[in-house]
1. List the aspartates and glutamates whose alpha-carbon lies under 13 Å from that of residue 311, not counting same-chain residues fewer than 8 positions away?
2. I need the Kirkwood Rh of region 99-189: take the reciprocal of the average 1/r across all distinct C-alpha pairs and report it in angstrom.
3. Evaluate the Kirkwood expression for the hydrodynamic radius of region 42-99, namely the inverse of the mean inverse distance over all pairs of different C-alpha atoms, and round to one decimal in Å.
4. Suppose every K and R has +1 on its Cβ and every D and E has -1 on its Cβ; what is the size of the dipole of region 268-382 about the Cα centre, in Debye to the nearest 20?
5. Measure out, as a whole number of angstrom, how far apart the alpha-carbon centroids of region 321-361 and region 92-166 sit.
6. Using only the alpha-carbon atoms, how far is helix 293-308 inclined from the longest principal axis of the chain? Give it as 0 to 90 degrees, nearest 10.
7. Quick one: dipole size for the chain, taken about the Cα centre, charges +1 on Lys/Arg Cβ and -1 on Asp/Glu Cβ, in debye to the nearest 20.
8. Report the Cα-based extents of region 1-114 along its three principal axes, largest first, to the nearest Å.
Amino acid sequence: MTTELTHFIGGEHVKGASGRFADIYNPATGEVQAKCPLANAAEVRAAVESARAAQPGWAAWNPQRRARVMMRFVGLLQRDMDKLAEALSREHGKTLPDARGDVQRGLEVAEFCIGAPHLLKGEYTEGAGPGIDMYSMRQPIGIAAGITPFNFPAMIPMWKFCPALVCGNAFILKPSERDPSVPLMLGELMLEAGAPPGILNVVNGDKEAVDALLDDPDIGAIGFVGSTPIARYVYSRGTANGKRVQCFGGAKNHMIVMPDADLEQAADALIGSAYGAAGERCMAISVAVPVGEATADALIEKLAPRVESLKIGPYTAGDDVDFGPLITAEAHARVKGLIDSGVAQGATLVVDGRDFSMQGYEGGNFIGGCLFDNVTKDMEIYRQEIFGPVLTTVRAQSYEEAIGLALDHEYGNGVAIYTRDGDTARDFASRINIGMVGINVPIPVPLAYHTFGGWKKSIFGDLNQHGPDAFRFYTRTKTITARWPSGVKEGADFSIPVME
Ligand code: NAD
């Protein structure tokens with residue numbers, strides 16, 4: 001019998017009432033393992049009502065008291081790390097060490113949020129004018145919502161709700177319908193940590209639930225992470241409804257390998273960053289750009305045997321598995337179709353993982369590591385985000401040609417350069433139009449106390465996620481100008497106040 005998952009509203013598990021469900025597959029076997037309820041507008045509204053009832057009391061807590069909830073939440077994540085990682089791997093398919101990393105990178109944002117009393121402190125000017133003091137304070141938006149993707153079912157929900165909650169908001173999380181079990185567990189843990197019921201609600205669903213969140217008049221802020229077309233849609237509908245919205249979209253991350261780079265290091269970095277989590281990461285490197293024919297030949301020679309010897313399997317096969325299956329059969333078909341298109345458009349498929357299969361797991365969404373050489377700018381495998389274990393190599397003849405590729409690509413999430421030359425690295429960091437840059441670092445995901453966000457079609461909105469930007473996004477600034485009677489002058493003043 002397949003498990004029927006629930007929503008988590010007002011501190012309780014609530015059965016789906018819409019009659020609509022999404023199948024949750026075991027990606028390693030293709031079998032349906034659970035059913036995810038898909039909320040209708042009335043169920044979303046129930047979560048909003050619950051948040052509305054709980055939020056004013058929560059916002060009235062002093063910031064230290066909310067920070068202590070976050071502190072206990074961190075402890076509970078550590079206590080349940082193995083349980084969370086197992087549930088995550090079971091639905092997502094990533095390896096257990098990678099699933100622990102997924103939880104850990106969310107936990108680190110919760111840790112950062114423990115500093116909320118400091119981060120929420122306002123500004124104060126004594127004597128801004130005669131007898132006048134001026135101060136600003138940060139107040140919560142009220143109710144915020146988060147819509148999150150399948151590929152980091154622990155980390156990204158926590159990037160959203162931890163800062164929102166500690167700022168005094170209530171939150172409605174709409175996680176991916178492909179792997180919602182960990183988000184539901186996070187809802188339970190936040191309750192156990194001491195957040196009042198209704199402060200963190202988890203509503204499962206698809207477009208219908210997302211639209212209800214985007215149109216709900218009581219929701220003031222929406223944070224989204226997912227593919228670029230949906231990011232654009234969520235941003236335009238949410239902002240048209242007057243909400244504060246930040247949306248993080250897709251990616252096509254290049255790694256430029258200069259002739260002076262340590263090629264062993266560069267090859268290892270490419271393997272980990274292109275094939276880890278089967279390439280289903282928005283910060284995966286999917287394009288290698290060696291500069292010069294000699295660099296390219298040497299790099300391909302180092303990469304090919306490494307790609308051929310990748311260990312692929314279900315997460316249950318042990319910690320030496322490099323990556324697991326893709327999330328769904330549709331994702332598998334899409335990635336395979338793109339690889340076929342690369343071959344048809346004339347790229348050289350140096351390592352072909354399309355026919356990978358494993359005894360006992362024939363129904364799974366596995367695909368072997370693929371390595372392309374001689375890829376050009378016009379090919380679909382270069383233009384599109386593949387989101388699979390596929391590394392494409394575009395040969396560049398000069399540094400200018402290499403940086404030009406990354407500058408011209410429509411996505412701007414992450415990028416890396418491998419070089420020993422400080423001048424080149426410095427020039428690259430300064431000129432590149434991409435949000436997160438690695439210098440001899442393949443996946444430059446900023447730590448919790450910095451902010452995460454891309455440029456170009458990888459972001460819609462202004463502020464980044466986590467770090468200080470998250471505290472700006474989930475609060476409104478109010479500025480008070482105060483003068484007490486002793487400083488008040490006689491008579492009305494009809495011109496705009498200015499300071500002499
Ligand atoms: P997705 O866009 O399919 O789904 C994301 C969320 O949107 C899910 O909660 C889903 O239920 C919802 N959704 C899907 N279709 C919708 C529709 N038509 N209307 C309203 N809501 C809809 O993305 P995904 O496949 O879950 O995740 C992979 C994508 O996320 C990749 O493109 C990846 O690059 C991107 N991603 C970006 C970042 C980042 O920070 N930039 C991080 C992780 C993932």
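1. Partners found: 319, 320, 322.
2. It is 14.8 Å.
3. 14.2 Å
4. So the dipole magnitude of region 268-382 works out to roughly 200 debye.
5. 37 Å
6. 90 degrees
7. On the way: 46 positive and 60 negative charges, 336 e Å.
My answer is approximately 1620 debye.
8. The Cα atoms of region 1-114 stretch 48, 38, 17 Å along their principal axes.
The values are calculated or read from the model by the stated rules, or taken from the named source; none is laboratory data. Worth saying up front: this structure is predicted, and the values here are computed from it rather than measured. Quick reminder, even Gly has a Cβ in these numbers, built from the backbone with ideal geometry, and neighbours come from all protein chains shown. Heads up: the accessible areas ignore ligands, DNA and RNA and are worked out on the full protein's heavy atoms, side chains in. Shrake-Rupley method; radii C 1.70, N 1.55, O 1.52, S 1.80 Å.
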